[in-house]
Structure formats: structure tokens, C-alpha cells
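Participant: Okay, handing you the structure first.
The values are calculated or read from the model by the stated rules, or taken from the named source; none is laboratory data. Keep in mind that this is a model prediction, so the values were computed, not measured. All Cβ positions, glycine included, derive from the backbone under ideal geometry; neighbour counts span all protein chains shown. Heads up: the accessible areas ignore ligands, DNA and RNA and are worked out on the full protein's heavy atoms, side chains in. Shrake-Rupley method; radii C 1.70, N 1.55, O 1.52, S 1.80 Å.
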Amino acid sequence: MVIQGSFVYLRPIKDEDMESIHHSCQDEEFLYMTGTRQSFTLNEITEKYKQFSENPTRYDFAICLLDNYQLIGHLAILEIDPDNKKAGFRISLHSRSAVNKGYGTEATQLAQKFTFEELK
């Protein structure tokens, strides 16, 4: 499943994305902005994403640029509660070079569209 915008698209997380996610977890400001208070090893991140992929109350997406397919971040729709029609959300860009260009805003809009239209 791919969700396409004007500048970015969302796709499921792949094993080869783990290195970029791990790298982003080394930046204290990015950790703070996502509410994360600890650092993780690459193996810990890989194991967590395996668990996440089996969780029916969660969708994780890679955020990629349309023009060159570069992975620039990831987001999650989590703690999905269909009975009460609510969910949590988190987003992280992987480098400062992707910040302040509207990529996170568009990715958030695509996630909202998926959440409201697909998940109802």
C-alpha cells in the first residue's frame, strides 16, 4: 500500500529502513520531539518493528520523497480503538535537512486521510 502526496509518499516500513530509523534515534532533539527518552540499538529497533508489524492496533509508514524515493522519516498511527473511533499519532523526520520544507505537514495530512477514510 502506497499513499501518495505532491512531494512525499507513505509506504510500509521495510527491514532496510531500520538503519535510517536507528540513525534518527541518535539525535537528542528528535528523540525529545517524539517523546522518546531512551536510546536504542539497531537490534532493539529491528525487534520492536517486528512486534509493531504484528500489532493490529498500529500502522507504521516510511515517509519518502517522490522525486528520488529517499526515506526521510517515519510515522505511526497507533493505539487504534475502532469502538471509540480514536488513535494516537507520532511522526519523526530523520535528518535536519528534511525539516521546514513541508514534508512532515504533507505526511501528516496523508496519515489523516488514511485514518479517516480507510480506518474510519
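Participant: Taking segment 1-43 as the search range and keeping residues that are open to solvent by 80 Å² or more (accessible area, probe 1.4 Å) and in contact with a Phe, Trp or Tyr (Cβ under 7 Å, 6 or more places away or on another chain), which one is modelled with the highest pLDDT? Walk me through how you get there before you give the answer.
Facilitator: Looking only at segment 1-43, we keep the residues that are open to solvent by 80 Å² or more (accessible area, probe 1.4 Å), and these are 1-2, 4, 6-7, 14-16, 19, 23, 26, 28-29, 32-33, 37-38, 43.
Those left that are additionally in contact with a Phe, Trp or Tyr (Cβ under 7 Å, 6 or more places away or on another chain): 2, 7.
Values: Val2: 93, Phe7: 97.
Applying the filter and picking the extreme gives Phe7.
Participant: Further, regarding this structure: Inside segment 6-22, can you point out the residues that are part of a helix (DSSP H, G or I) and among the small types (Gly, Ala, Ser)? Steps first, please.
Facilitator: Our first condition is that a residue be part of a helix (DSSP H, G or I); within segment 6-22, this holds for 15-22.
The one that is part of a helix (DSSP H, G or I) and among the small types (Gly, Ala, Ser): Ser20.
Participant: Here is a further query. Do you know which of the residues in segment 44-74 that are of a type outside the set (Ser, Thr, Tyr), without any contact (Cβ under 8 Å) to a residue 40 or more places away in the chain and under 15 Å from Arg90 (Cβ atoms) is least open to solvent (accessible area, probe 1.4 Å)?
Facilitator: Ile45
Participant: Next question. Determine whether segment 93-102 contains at least one residue that is in contact (Cβ under 8 Å) with a residue 24 or more places away in the chain, polar (S, T, N, Q) and assigned to a strand (DSSP E or B).
Facilitator: Within segment 93-102, not a single residue is in contact (Cβ under 8 Å) with a residue 24 or more places away in the chain, polar (S, T, N, Q) and assigned to a strand (DSSP E or B).
Participant: Give segment 2-27 a look and list any residue that's over 15 Å from Ser92 (Cα atoms), in contact (Cβ under 8 Å) with a residue 60 or more places away in the chain and of a type in the set (A, V, I, L, M, F, W, C), or say none.
Facilitator: Ile3, Phe7
Participant: Scanning for something part of a helix (DSSP H, G or I), free of Cβ contacts under 8 Å to residues at least 24 places away in the same chain and open to solvent by 80 Å² or more (accessible area, probe 1.4 Å), does segment 106-114 turn up at least one residue?
Facilitator: Of all residues in segment 106-114, those part of a helix (DSSP H, G or I) come to 106-114.
Then keep just the ones that are free of Cβ contacts under 8 Å to residues at least 24 places away in the same chain; that gives 112.
Add one more test, that the residue is open to solvent by 80 Å² or more (accessible area, probe 1.4 Å), and what stays is 112.
The answer is yes, given that some residue of segment 106-114 is part of a helix (DSSP H, G or I), free of Cβ contacts under 8 Å to residues at least 24 places away in the same chain and open to solvent by 80 Å² or more (accessible area, probe 1.4 Å).
Participant: Can Gln51 be described as in a helix (DSSP H, G or I), out of contact with any helix residue (DSSP H, G or I) (no Cβ under 7 Å at 6 or more places or on another chain) and farther than 27 Å from Gly102 by Cα? I'd like the intermediate steps shown before the answer.
Facilitator: Details: in a helix (DSSP H, G or I): yes; out of contact with any helix residue (DSSP H, G or I) (no Cβ under 7 Å at 6 or more places or on another chain): yes; farther than 27 Å from Gly102 by Cα: yes.
Spelling it out, Gln51 is indeed in a helix (DSSP H, G or I), out of contact with any helix residue (DSSP H, G or I) (no Cβ under 7 Å at 6 or more places or on another chain) and farther than 27 Å from Gly102 by Cα.
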